[in-house]
Amino acid sequence: MEAFLLFLTIIDKEASGYKKYENNQTYTIIAQEQKSEEDEEKSQQDEEERNKEEGNEDIETIIREMEEQNQEELEPSLPYGFAEEEEERIEMLSLKGYFRTRIFLYSGLPQPENRSVRYIRPDFFQSRFRLEPTVNMSPSIRVSSQVDILDDIIWGAGLSGFSVSGEKICDKYNNGQNFEICDGQQRSIAVKRLWGEIDSVLSIPVKVKLGRQPVDFGLGAHLNDGNGFKNLWDDAHLGTTKDRISLSFPVSDLLDFNIGIDTQISEIISSGNLIDYFLVPRFKTSKISFQVYANAQRSPKTELYFFLPYISWLPSYNSSIEIEGGIFTGNIDYIPNFGNFSRYKVFAWNIAGRAKFETGLIRLILDAGYSSGDENPGDKTIKSIPMHPDYNIGFILYEDVVARYTGNIARELENSSGTKADFFASKGGVFGSYYIMPTIGFFPFESIGAYISNLWAFSNSLFFIDPRSGQQFFGRDAKKGLLGTEIDFGLRVGTENIEFGTEIGYLILGKSLRSSIPQGAKNTFKTQFRFTWMF
């Protein structure tokens, strides 16, 4: 019995321990379940908070966008539909220009007088103070101008009050000299150009230019703005200026157009104005640029058309090749008529080319060109039109010698006909000949450079023919061939704003030029010293 009771006690204890173990297990499972429920509830709360924050951000973004849209609607639009521009600080007035003084020394310079010629040694000083202010109305609207003060007046001329006679340092044919025509133009202060520019209209990238403005195209062989000091030899004096309105607009990244009209009241045509219509398409890539300047000049008595094709090619980063042509055709009635016909026909052509190769030390340049000649300028067809006077080829031959002889002929033609005859004056431009001019430059430092050129020019027709008689103007037995060879040397020393330079040239007359001018012709020596301050 005692054994049985002992057995039951043991069983009871084991059962109690098992129950206690079971209860502990139950408590553990319940605790784990409660913890899982708490973790899930916390996760749900976190997710709800995140969704709430994202929703708030979306709402804030929507509110901000609505506020910006409302602000844009409240802002007034620009007048006349001009394209809006980002606000930026602009300089209301900008000014650039230069002051240039030069000294000329000559020996054997021809001075034609009617049918004879004498040789002079003029030594003189000249200065020009050029101002080019620009008024910026906005980043895309501006008004520009060009004003010359004491424009190439010879030192000592007209000191007592700048009289008109003192300001006129040359006659309307420049005595053959290639600077601005002095036919009554004021020289002390001259407003040469004034024009406005608008970069875009009605949000369209169309550039508008209107007013009296410079015109430049290609190499500048026919249209040359005469700005700056881009000529290798001597300065630009005349510059192409047109009273013009033009529109420029792109068609694609590779093609753009420039169209417009030029107008002038002709001093030599009383029956109406001369109107020039022009179109300039341009195709351009990173290596090649091709464009054509097509022009139609019309008046009641004149229809003159000319086409100027131009191509530029960059074979490498330090070399370039440029070619510009000129074809002129039509009918004109504003030059003296020396034949039995109502007006002249025109067919003339020119071509000019330039190749460059540059390194940090050496610069190689080759210039070549051709201008058609006219052995009988008195017939009904004009076959020769000079290149632009500011497209300087060489230092002496075209600039001084040929210009003086053709100026003398034009002056006599005007005196005999009573009609302006400046059409027969070259004024320094290449005409009736072809040329080649290699140049080598040496630039050991950025601020110091020297260069030397050798010009060879040949006539392709008889020179200095009198259109009234068809005979040689000076009564000589003129020949075709070598006009002359010229050796020119230049040295430039300066900084970005100040430059000192000298140019020296010597012209040796060829058989064609010697046979076309009075006997006793002399070779010509010319020196120029120049100081320039640019700002």
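The values are calculated or read from the model by the stated rules, or taken from the named source; none is laboratory data. Since the structure is predicted, the reported quantities are computational estimates derived from the model, not experimental observations. Methodologically, a virtual Cβ is constructed for each residue, glycine included, from the backbone with ideal geometry; neighbour enumeration extends over all protein chains shown. Remember, those area values only see protein heavy atoms, side chains included, never the ligands or the DNA or RNA. Shrake-Rupley method; radii C 1.70, N 1.55, O 1.52, S 1.80 Å.
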Legend entry - Qualifying positions in region 465-479 - of a type outside the set (S, T, N, Q) and in contact with a Phe, Trp or Tyr (Cβ under 8 Å, 6 or more places away or on another chain): ILE465, ASP466, PRO467, ARG468, PHE473, PHE474, ALA478
Inset, instruction - Among the candidates SER426, SER433, SER461, SER453, single out the residue that is of a type outside the set (Val, Ile, Thr), at pLDDT 95 or above, under 24 Å from ILE332 (Cβ atoms) and crowded, with 17+ Cβ neighbours inside 10 Å. - result: SER433
Legend entry - Selection count where residues are of a type outside the set (Asp, Glu) and out of contact with any Leu (no Cβ under 9 Å at 6 or more places or on another chain), scope region 465-480: 8
Inset, instruction - Please specify each residue of region 373-423 satisfying the condition of being of a type in the set (Ser, Thr, Tyr) and either within 17 Å of TYR344 (Cβ to Cβ) or open to solvent by less than 20 Å² (accessible area, probe 1.4 Å) (or both). - result: THR381, SER384, TYR391, TYR398, TYR405, THR406, SER417, THR419
Inset, instruction - Considering only region 345-363, state which residues are buried (at least 17 other Cβ atoms within 10 Å of the Cβ) and aliphatic (A, V, I, L, M). - result: VAL346, ALA348, ILE351, ALA352, ALA355
Inset, instruction - Determine, yes or no, whether PHE473 is open to solvent by less than 30 Å² (accessible area, probe 1.4 Å) and at positive phi. - result: no
Legend entry - Scope region 99-118; condition open to solvent by 50 Å² or more (accessible area, probe 1.4 Å), on the phi < 0 side of the Ramachandran plot and out of contact with any strand residue (DSSP E or B) (no Cβ under 6 Å at 6 or more places or on another chain); matching residues: GLU113, ARG115, SER116
Legend entry - Subset of region 233-251 [touching a residue at least 24 places away in the same chain (Cβ under 8 Å), among the hydrophobic types (A, V, I, L, M, F, W, C) and surrounded by fewer than 21 Cβ atoms within 10 Å (Cβ to Cβ)]: LEU238, ILE245, LEU247, PHE249
Inset, instruction - Return the residue satisfying two criteria in turn: it lies in region 291-305 and is within 29 Å of PRO250 (Cβ to Cβ) and in contact (Cβ under 8 Å) with a residue 24 or more places away in the chain, and of such residues it is least open to solvent (accessible area, probe 1.4 Å). - result: TYR293
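Conditions tested, residue by residue: (1) hydroxyl-bearing (Ser, Thr, Tyr); (2) out of contact with any Lys or Arg (no Cβ under 6 Å at 6 or more places or on another chain); (3) modelled with pLDDT of 95 or more.
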site	(1), (2), (3)
GLU322	no, no, yes
ASN331	no, no, no
GLY360	no, yes, no
ALA368	no, yes, yes
Legend entry - Selection count, region 182-215, where residues are modelled with pLDDT of 80 or more, of a type in the set (D, E, K, R), in a loop (DSSP other than H, G, I, E, B) and open to solvent by less than 40 Å² (accessible area, probe 1.4 Å): 0
Legend entry - Selection from region 480-507 of residues that are open to solvent by 70 Å² or more (accessible area, probe 1.4 Å) and either hydrophobic (A, V, I, L, M, F, W, C) or out of contact with any Phe, Trp or Tyr (no Cβ under 9 Å at 6 or more places or on another chain) (or both): ILE487, PHE489, THR495, GLU496, PHE500
Legend entry - Some residue of region 416-427 being of a type in the set (Phe, Trp, Tyr), farther than 22 Å from THR485 by Cα, out of contact with any helix residue (DSSP H, G or I) (no Cβ under 7 Å at 6 or more places or on another chain) and assigned to a helix (DSSP H, G or I): yes
